[in-house]
Every structure is written in C-alpha cells, then in structure tokens.
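Here's the structure, in structure tokens; my notes come after.
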Amino acid sequence: MRLFLVSQLLLVFISVLALTRAQTAPPTTTDTATTETSTAQPTPTDTATTTQAIAIATTTAWTAPPIFYPFGSAAGDTEQFENGGDTYRDVAFSTPFMFFGRMYNNTYVNNNGLLTFNQPLPEAHPYPFPTHGSEDFIAPLWTELDDIGIGRYSYQQYTNGSVLTRASQEINQYFPHKGFSASWVFVATWDYVQTSDVNVLNLHSAPAITFQVVLISGGGYSFILMNYGDCAATYYPVEAGYDTISSTDYHVIHYAFDGSYIPNLKNTSNVNVPGRWAFLVNNGTETENVIGVQLKLSSFLDLTLNENIEDVLQKIKQELVNRGASSFFEMKLRNVETDKEKNVAGRETFELITLT
C-alpha cells in the first residue's frame, strides 16, 4: 500500500517537473535564426551604398545653358562674390574695343548687370533707354541683383584658343558675307540666387538670375552677344539692351518698372537662337553706303517737331533691328509734307533716307 502511494507521488512529481520545463524552455535554434533575420541591421556595404547614393543626389553640379560661353572659376575667370556690397571691377582690355566709333581700353563690370566705360555705376537703378546722356551702356540685364540674394559675377578675356574659334563661327552665322575672324573676346557673367546660403548658390537649388555678355572684335568689326538663362522674376526695375552717348544708337530688349517679364528672356532672340541676342556695334572698315528709302506714313504726331521725328525714326530703326537688320546704321529725315487733301484726318506724311 505504501509502495503504491509512493509510486503515485513520484509520478505526479515527474509530471509537474516535465510541465514546468516545457513552459520555461528557450526558443529553438530555428526560431532564433528567424528572429535575427527579421531584425538584422544593414551591412557595412549597404550603408556605404546608401551614403554614396545620397551624396550623388545632393552634389550634382548645375550646368549653364549651351549658349553660354565658359565662365566661373572652372573656366579660369576672375570672380567677385557679391552679398549686397555694390561692388564693381575696373578691367583693362588687352585689346581696345570699338563701340559705335568710340575706342575703349577698359570697362567697369558692375555688380548690377551693367558694363560702363567712363565711370562705375554699381548702385544705380536702371535708366530707361534712350537716356540721351553722356555715357555708353551695355546692359545685358541691369537691375538690383545684389538685393535679391547672393551671387557672383566673373569675367575673362581671350586672344586665342577655342573661344575665339567659336565666336568667329557664331558671328559668321548671324552676320554672313563678312568673313569675320575674331581676334579678341571678353566674357562677363552674372550668376545670382535668391538665398543667403552659399551651398544653395553653388547648387542653384533656389530661383536664380543668370546671364552673360560677350564682347567680340576683329578686323575693325565689333559685336556683342547677350545670353540669358533662367531669370527669376523680381520686383525691381529692369533694363536689357544698350545705349550710347546722346543715344545716337540704342536698342531696348526689355524695360519695365518690375522684373515680372524677365523669366521669358531665355525664350527671346533676334538671331533665332532662344536666349541669345546679337548686335553689330562697329562696322569695321567697310565703305559707308547711302540708301534712299521713301516711306509714306500716317501719324497723329506733329512731325514738324524734332522730338516727334526722332521718336518715330528710332521706333522704325528698332523694328528693323528686331527683324534682323544690323544695328549699325543711321536714319535721317529729308523732308516732311502734310497732305490734308488725301487724308481728311489731317495726318502727316514724311520721307526719310537711311545710311547703312
């Protein structure tokens, strides 16, 4: 009887012990491997790959439009960083540049998108062309660039190499039958971004204003190219074009009291190349030809007044240049006749001749 009871107690003890071990047993090897696999951290190779991918995505270099000539430190330019300082650089030309009959040995590269020859004007607001003043202006985009953010303007001149070859080819494309060969090129570029962060400036990761002017000469001829990339809208007055002393020659690409239009500049052209404008600004050693053209125009203006006559002549000239004519010609009035019998409204007609 006692043996039977002892046996029963022993069986109960063994059963309880087995149950306790089953409840507290550690996970099997298979379960442990599965858990580790599902929570594994990236291997060193994965981490390096991820870091490299991020670096490539955030440091991709910004590139200028193809119409731009080389510029910046990579091209060997002299650079000026601009952060609201109203700066300028006085640059001596290695070769004199002829601009509508006046020879210049230097230019002032102003921070506000303007080239001047007699004095620097880095702080000036743009003047509407024609100014009828005492200064020659080359204004690819004259505006308050230093107030929109930070940026750089840079410049370089060339007397040999691929830049001269390119300039010769492009000028001969736009102005054929001259057999032009460039002997000197001056490139000035402005690149500003609406930011105060230099990294944002370098990456162009904010709205930017980027444009360029190229002075080209050779064989007595002088040309200018104006190249436009992205140009973010601005609230400041803007002027694009050129003007001369007493405004004997000028051209307005765009002028306005605000810069809401300038994003469109990269789509405009007078040589059928979006973003590029080209002008002949000195006609070399060619003999001047006088061509008589008789026009009959109707006008509500009193064309016996000199100021009205000059205004009409300049508008006609600008329209001709917009349609591809060389900018180097003059228009002079020969006589004015009022024809009230043929025109009941009393509009006036006049004749003019052009000098090319």
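Each reported figure results from applying straightforward, stated rules to the coordinates on display, with no laboratory input. A quick note: this is a predicted structure, and the numbers were derived from the prediction, not measured. Cβ coordinates were reconstructed from backbone atoms using ideal geometry, including for glycine residues, and neighbour counts include every protein chain displayed.
Would you calculate the separation in nanometres between label points at Lys315 and Glu135, each defined as 7 Å from the Cα along the Cα-to-beta-carbon direction?
2.8
With each label point set 7 Å from Cα along the Cα-Cβ vector, what nm distance links Gln194 and Gln173?
For the pair Gln194/Gln173, the computed spacing is 3.2 nm.
So if we plug the beta-carbon distance of Asp90 and Asn267 into 1/(1 + (r/R0)^6) with R0 = 30 Å, what FRET efficiency do we get, rounded to 0.05?
Rounded to the nearest 0.05, the efficiency is 0.30.
Using per-residue counts of other Cβ atoms within 10 Å, averaged over each peptide, order 199-207, 150-158 from highest down.
Details: 199-207: 15.6, 150-158: 21.1.
Ranking the peptides 199-207, 150-158 by packing returns 150-158, 199-207.
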